[in-house]
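Undergrad: Got a structure for you, questions after.
Every number in this text was worked out from the coordinates using simple rules, so none of it is lab data. Because the structure is predicted, anything quoted here is derived from the model rather than measured. So basically every Cβ, Gly included, is an ideal-geometry build from the backbone, and we count neighbours across all protein chains shown.
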Amino acid sequence: MMADRPTFERLKAMVPTISVGILTADLMRLGQELSELEGTGVDILHFDVMDGCFCPMMTVGPPFIRAVEVGNRLKDVHLMVSQPLEKVADCIAAGADLVTVHVERHEHIHRTLQNLRGLARAAGRDVVRGVALNPGTPVEVLEPLIEEIEMVTVLGVNPGWGGQSLIPSTPRRLIRVKELIEKRGRDALVCVDGGITRKNIAEVATWGADLAVTGSAVFDGKNPRENARFMLNSFRPS
Ligand code: DX5
Ligand code: ZN
């Protein structure tokens with residue numbers, strides 16, 4: 001029998017693991033950069049979509065997400081945009097397996113999550129629905145959304161760009177998110193995104209997140225294959 005939630009079940013079987021932020025790669029050589037990650041055990045690629053309104057930087061959108069060939073790896077789309085409701089259909093059509101929207105766009109966040117599920121089902125797909133919390137957002141905002149999500153991402157930095165320093169309140173916030181999920185008896189994963197480096201990943205691994213998003217620590221212009229192996233092995237000690 002086919003699992004009801006094949007993507008979610010596949011993701012759950014992978015954790016703890018890392019999702020690699022590809023926009024810190026050399027985009028002129030993206031195909032080569034991604035082929036460097038083959039055989040490292042990295043099975044999730046993270047796309048940071050920024051619209052220049054929700055956060056300062058502008059990056060890429062659905063045509064780029066669609067164009068990037070990831071093989072059997074999962075496309076993890078992090079929407080840092082002002083109007084996520086209007087964008088989720090295009091992300092699903094572009095092949096997103098995970099779609100994360102920010103709770104700060106809360107006027108229609110619940111509807112956005114409902115739409116995500118409906119659109120994925122209509123397309124005959126299972127898309128993991130995530131919500132992300134900026135460092136300044138109270139964790140309690142998750143309360144009314146918890147039935148509509150499979151993943152919560154705690155941002156370790158303010159959204160904007162790669163290579164920022166991890167904000168010290170991040171582990172505290174992550175633990176509170178985990179407590180809230182547990183209290184409500186939900187089957188949802190937790191993710192930490194931003195500010196994770198070679199130096200701090202062993203400590204981050206002790207916080208109990210299922211997923212860690214890492215960009216500039218992997219794509220540093222030197223050896224992404226070795227970096228990816230190091231980050232993965234540090235987060236998921238064998
Ligand atoms: C923050 C993004 C992160 C970040 C990852 O705006 O959501 O995904 O760029 O990059 P590093 O690992 O360099 O912080
Ligand atoms: Zn991200």
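Undergrad: What is the local net charge at PRO63, summed over the other residues whose Cβ is closer than 13 Å to its Cβ (Lys, Arg +1; Asp, Glu -1)? If you can, show how the numbers build up before the last one.
TA: Working: positive: ARG66, LYS87; negative: ASP90.
My count for the surroundings of PRO63 gives +1.
Undergrad: Now, a different point. If you build the Cα gyration tensor of the stretch 96-238 and take the root of 5 times each eigenvalue, what three semi-axes come out, in whole angstrom, biggest first? Could you put the intermediate results ahead of the total?
TA: Numbers: eigenvalues 140, 62, 42 Å².
The three semi-axes for the stretch 96-238 are 26, 18, 15 Å.
Undergrad: Under a plain spin-label model, where a point goes 7 Å from the Cα along Cα-to-Cβ, how far apart in nm are MET28 and GLU182?
TA: 5.0
Undergrad: Could you rank the peptides 130-136, 17-23, 190-196 by their average count of other C-beta atoms within 10 Å per residue, with the highest value first?
TA: So the peptides 130-136, 17-23, 190-196, ranked by packing, come out 190-196, 17-23, 130-136.
Undergrad: Just need the relative contact order of the stretch 1-80 here, percent rounded to a whole number, with Cα pairs under 8 Å and 6+ apart.
TA: For the stretch 1-80, the relative contact order is 29 percent.
Undergrad: Given the peptides 170-178, 59-67, arrange them by the average over their residues of other C-beta atoms within 10 Å, most packed first.
TA: The densest-packed peptide leads the list: 170-178, 59-67.
Undergrad: Roughly how big is the chain's charge dipole about its Cα centre, with Cβ charges of +1 (Lys, Arg) and -1 (Asp, Glu), in debye to the nearest 20?
TA: 260
Undergrad: Compare the peptides 76-82, 116-122 by average per-residue count of other Cβ atoms within 10 angstrom and give them in order, highest first.
TA: Peptide ranking by packing, descending: 76-82, 116-122.
Undergrad: On to the next question. Report, in debye and to the nearest 20, how large the dipole of the stretch 85-181 comes out about its Cα centre when Lys and Arg carry +1 and Asp and Glu carry -1 on their Cβ. Each step should come with its number before you reach the end.
TA: Values: 11 positive and 12 negative charges, 30 e Å.
Here the size comes out at about 140 debye.
Undergrad: State the answer as a single residue: which of GLY21, GLY185, SER35 lies farthest towards the positive end of the charge dipole of the chain, with beta carbon charges of +1 for Lys and Arg and -1 for Asp and Glu, about the Cα centre.
TA: Toward the positive end, the furthest listed residue is GLY185.
Undergrad: Could you grab the relative contact order for the chain? Cα pairs under 8 Å, six or more apart, rounded to a whole percent. Walk me through the intermediate numbers first.
TA: Working: 444 pairs, mean separation 52.6, N = 238.
Computed over the chain, the figure is 22 percent.
Undergrad: For GLU148 and GLN83, FRET efficiency with R0 = 22 Å and r from the beta-carbon atoms, rounded to 0.05?
TA: On the way: r = 18 Å, r/R0 = 0.84.
In this case the efficiency is close to 0.75.
Undergrad: Still on this structure, please answer the following. Under 15 Å from the Cβ of ASN158, count the other residues' Cβ atoms, weight Lys and Arg +1, Asp and Glu -1, and hand me the total.
TA: -2
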